[in-house]
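First up is the structure itself, then whatever we jot down about it.
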Amino acid sequence: MRVLVVEDEPRMSTLLERGFREEGYAVDVAADGPGGLWLATENAYDAVVLDAMLPGLDGFEVCRRLRGAERWAPVILLTALDGVEDRVRGLDAGADDYLTKPFSFAELAARVRALVRRRSGARPAVLMVGDLRLDPALHRAWRGDVEIGLSPKEMALLELLMRHHGEVVTRSQILDHVWDFAYGGTSNVVDQYIGYLRKKVARPFGRDDIETVRGVGYRLRDPVPG
């Protein structure tokens, strides 16, 4: 998943960026309201973590403008303001959730996962495609009863393929959702990581269910009814 963090306090911004990267997310960062608004308008994010008190434009106004521009990525507002009127203001501006500082990063990450599931309707907490199972919260994956060790990027790529199983996912979509705005390499990294996944979740189990769609991208095939 790809997350935008808009936070002007450098230490907090660094902690959030590091935490989400350790969770396997692609992370973009902005340090003020106008920068966050531009990134969130120009890119497709799975979630936006938005500080309420920002230079340039505050988080309430950023959220209001995003909704006015029909950008519907889930937004969590972070703020030291804990009055009821502030929570109401944030939710009325279009935020989906509200977390008061100080907070636990584990809670923030759980709230992001919950919002992403809720946004797209039926998105279970544990993904299953045939005998392939992935728990994003625990960072664990299994083929049948065998647990598979995956790096954060491999986990993120597998999650994307599983959430869109049966559909073709293009290289551009993979780069957008698994790598971040700052990535300056080529799309060959996608092919490399698909190869890593095949070596871990397919070939050792006699499977060939990660399909190359030539010139387009990749598809995790639905299991054949047996």
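Table: residues versus (1) closer than 21 Å to ARG117 by Cα; (2) among the small types (Gly, Ala, Ser).
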{"site": "GLY19", "(1), (2)": "yes, yes"}
{"site": "PRO34", "(1), (2)": "no, no"}
{"site": "ASP46", "(1), (2)": "yes, no"}
{"site": "ARG64", "(1), (2)": "no, no"}
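Are there any helices (runs of 4 or more DSSP H) wholly within the stretch 127-226 with 2 or more residues that are within 20 Å of the chain's Cα centre (by Cα), of a type in the set (D, E, K, R) and buried (at least 18 other Cβ atoms within 10 Å of the Cβ), and if so which? Steps first, please.
On the way: elements: 152-163, 171-178, 188-197.
Where helices (runs of 4 or more DSSP H) fall fully within the stretch 127-226 and carry at least 2 residues being within 20 Å of the chain's Cα centre (by Cα), of a type in the set (D, E, K, R) and buried (at least 18 other Cβ atoms within 10 Å of the Cβ), they are 152-163, 171-178.
LEU91 fulfils the conditions (1) outside any strand (DSSP E or B); (2) more than 20 Å from the chain's Cα centre (by Cα); (3) not assigned by TED's automatic domain parsing to the domain that holds GLU23 except for a single criterion, (3).
Evaluate the following for GLY83: is it crowded, with 18+ Cβ neighbours inside 10 Å, among the small types (Gly, Ala, Ser) and either modelled with pLDDT under 95 or not assigned by TED's automatic domain parsing to the domain that holds GLU159 (or both)? Against the criterion (crowded, with 18+ Cβ neighbours inside 10 Å, among the small types (Gly, Ala, Ser) and either modelled with pLDDT under 95 or not assigned by TED's automatic domain parsing to the domain that holds GLU159 (or both)), GLY83 does not qualify. Taking the stretch 61-78 as the range and being over 18 Å from the mean Cα position of the chain (by Cα) and surrounded by fewer than 22 Cβ atoms within 10 Å (Cβ to Cβ) as the test, the residues that pass are GLU61, ARG64, ARG65, ARG67, GLY68, ALA69, GLU70.
Return the only residue of GLY24, GLY56 being over 17 Å from the mean Cα position of the chain (by Cα), part of a loop (DSSP other than H, G, I, E, B), assigned by TED's automatic domain parsing to the domain that holds ARG113 and of a type in the set (Gly, Ala, Ser).
Working: GLY24 fails: over 17 Å from the mean Cα position of the chain (by Cα).
It is GLY56.
Under the condition of being within 10 Å of VAL5 (Cβ to Cβ) and surrounded by fewer than 20 Cβ atoms within 10 Å (Cβ to Cβ), the residues counted in the stretch 29-38 number 1.
Within the stretch 1-18, residues that are assigned by TED's automatic domain parsing to the domain that holds PRO55 reach partners that are among the small types (Gly, Ala, Ser) and in a loop (DSSP other than H, G, I, E, B) with beta carbons closer than 7 Å, at six or more positions or on different chains, in the pairs ASP8/ALA31; SER13/ALA31. Can you find a residue that is among the small types (Gly, Ala, Ser) and in contact with a Lys or Arg (Cβ under 9 Å, 6 or more places away or on another chain) anywhere in the stretch 56-69? Checked against the condition, which is being among the small types (Gly, Ala, Ser) and in contact with a Lys or Arg (Cβ under 9 Å, 6 or more places away or on another chain), the stretch 56-69 yields no hits at all. Residues that are touching a helix residue (DSSP H, G or I) at 6+ places or on another chain (Cβ under 8 Å) and not in a helix (DSSP H, G or I) are absent from the stretch 33-40 altogether.
The values are calculated or read from the model by the stated rules, or taken from the named source; none is laboratory data. Remember, it's a predicted structure, so these values are computed and weren't measured experimentally. FYI the Cβ positions are ideal-geometry reconstructions off the backbone, even for glycines, and counts take in every protein chain you see.
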